[in-house]
Amino acid sequence: MNDDQAFTLQQALTRGIISPSEEWRDRARKRLDQLTKPLGSLGRLEELAAQMAAIRQREEITPLRKAVYVFAADHGVTVEGVSAYPRAVTHQMVLNFLRGGAAINVLARLHHVDLHVVDVGVDADLADATGLLHRKVCRGTRNMIGEAAMTDEQLTAALQVGIQLAGEAAAAGYSVIAIGEMGIGNTTSATAITCALTHCDAVLATGSGTGIDTKARAHKIEVIETTLEHHFAGHINVPPLEILRRVGGLEIAAMTGMVLAAARCGIAIMIDGFISTAAAALAVAMEPNVQGYLMAGHRSEEPGHRILLSHLSLTPILSLEMRLGESTGAVLAMPVLESAISLYNQMATFASAGVSEASV
């Protein structure tokens, strides 16, 4: 994809995205200051409530209708031995999701979050799988170490998957969505994206992923460095869509498309760990107005995630030393967001309760 084509596609993807309303954020802050509590005493909960007011733009923030989308795809770079698990685990875990046996199933049930599992690029025949959103673009990416992970057509199709699902989420009345993923090898892809976007060193951004040992991590770093050298040597400001095409994954592209379209639709986006944050960072690089719709569910143990959170100036809601993916951290954070909204909606004001305000 040449620069002109990337620019045209980026314009189409970002058209109509505006920032959340600062007027409504200010109104929410004024209301929060009138509630029966010391000023600012609810800490981050007040920030979350004000952000939701800015996004939803209404006096009372309606109770959340919540959904989580888990995008599954395979990565060609797994042939380089960058993961502790074989590629087949992506397929096997999708079946586990559909049977209800994964961590995300447990958490989604517990917190009343509608779960949608999306096949955007699993290297297996899932045509007969019931309960799955069948959106397969192709059976995994190519090996990014020596060639672009996706063709122009594959990239566009994967982005469109996320865009269409965001539109369906808006039509269904979801006010907040969580995005997550399943794909063996995708921390390698996310690390390459992180390095290309932030210009950080691969040594600093590379973690243990699925639990590889020190020797395997060193090999993973070599693979990422070779990949970056092949695709980006001598290039400083590579368009985000070209970064995504060259070193991304089909599930990362779908999440990027969903983040962009959800922001356009005025839906709050709870991002999960390293992989989904890489998608969000690409979306923000394309359109900075997306930033105001993002909430970081948690901070992953992956070092690249900390780099991306800093790059996006996002403070995670939770920090539980997790690195599972599947959007588990994002769904765990949703009750905290709901708590913030309930406090905002239901607490009495000093005036309504007949309580004296602070005198100084």
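Conditions (1) at pLDDT below 95; (2) of a type in the set (Asp, Glu); (3) under 24 Å from residue 153 (Cβ atoms), marked per residue:
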position: 4; (1), (2), (3): yes, yes, yes
position: 11; (1), (2), (3): yes, no, yes
position: 26; (1), (2), (3): no, yes, no
position: 34; (1), (2), (3): no, no, no
position: 57; (1), (2), (3): yes, no, no
position: 85; (1), (2), (3): yes, no, no
position: 103; (1), (2), (3): no, no, no
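Given the criteria more than 25 Å from residue 53 (Cβ to Cβ) and at pLDDT below 95, does residue 304 qualify? Spelling it out, it is not the case that residue 304 is more than 25 Å from residue 53 (Cβ to Cβ) and at pLDDT below 95.
Restricted to region 317-352, and to residues there that are assigned to a helix (DSSP H, G or I), among the polar types (S, T, N, Q) and over 18 Å from residue 104 (Cα atoms), the residue that is modelled with the lowest pLDDT is 352. From the list 56, 44, exactly one residue is basic (Lys, Arg), loosely packed, with under 15 Cβ neighbours inside 10 Å, closer than 27 Å to residue 353 by Cβ and touching a residue at least 12 places away in the same chain (Cβ under 8 Å). Which is it? Of 56, 44, the one residue that is basic (Lys, Arg), loosely packed, with under 15 Cβ neighbours inside 10 Å, closer than 27 Å to residue 353 by Cβ and touching a residue at least 12 places away in the same chain (Cβ under 8 Å) is 44. Restricting the first member to region 1-26 and to residues that are within 19 Å of residue 279 (Cβ to Cβ) and crowded, with 18+ Cβ neighbours inside 10 Å, and the second to residues that are at pLDDT 80 or above and β-branched (Val, Ile, Thr), the beta-carbon pairs closer than 8 Å and six or more apart or on different chains are 9/156; 13/163; 17/290.
Highlighted here are the helices (runs of 4 or more DSSP H) found entirely within region 2-107 that include at least 2 residues which are closer than 30 Å to residue 216 by Cβ: 88-99.
Of all the listed residues (221, 252), the sole one being hydrophobic (A, V, I, L, M, F, W, C) and surrounded by fewer than 20 Cβ atoms within 10 Å (Cβ to Cβ) is 221.
The values are calculated or read from the model by the stated rules, or taken from the named source; none is laboratory data. The structure presented is a predicted model; accordingly, all values stated were derived computationally and were not measured. Cβ sites come from the backbone with ideal geometry, for glycine too, and all protein chains shown count toward neighbours.
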